[in-house]
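Please read the structure below before turning to the comments.
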Amino acid sequence: MKKVLLVKASEIKVRPFVLDDFIQDKENDATMKKVTKKELRNLADDLGLKYEDSNIVFTKKILIAYLKKMK
């Protein structure tokens, strides 16, 4: 058996229908630019991190994943 909630007419709020309330905001398309090894090396130096060429692929994948998550 379903439960029914009874309310008084004075308890009901009436608002005008606004179509924008039902439309999701369109996100601005983010553009990605290529990140060079030199830029990564400079960023690592600025942040005081150790930069190794062997980790460049992993680093780029992490950055791309982070940017996609922020999108």
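The values are calculated or read from the model by the stated rules, or taken from the named source; none is laboratory data. Values in this document were obtained by computation on a predicted structure and should not be read as measured data. Methodologically, a virtual Cβ is constructed for each residue, glycine included, from the backbone with ideal geometry; neighbour enumeration extends over all protein chains shown.
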VAL4 meets each of (1) surrounded by fewer than 10 Cβ atoms within 10 Å (Cβ to Cβ); (2) modelled with pLDDT under 80 with one exception, condition (2)
Verdict on ILE23 being more than 24 Å from the chain's Cα centre (by Cα), modelled with pLDDT under 80 and not small (Gly, Ala, Ser): no
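Here is a yes/no grid of residues against (1) assigned to a helix (DSSP H, G or I); (2) out of contact with any Pro (no Cβ under 6 Å at 6 or more places or on another chain); (3) modelled with pLDDT of 85 or more:
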{"site": "ASN28", "(1), (2), (3)": "no, yes, no"}
{"site": "LYS34", "(1), (2), (3)": "no, yes, no"}
{"site": "ASP45", "(1), (2), (3)": "yes, yes, yes"}
{"site": "ASN55", "(1), (2), (3)": "yes, yes, no"}
{"site": "LEU63", "(1), (2), (3)": "yes, yes, no"}
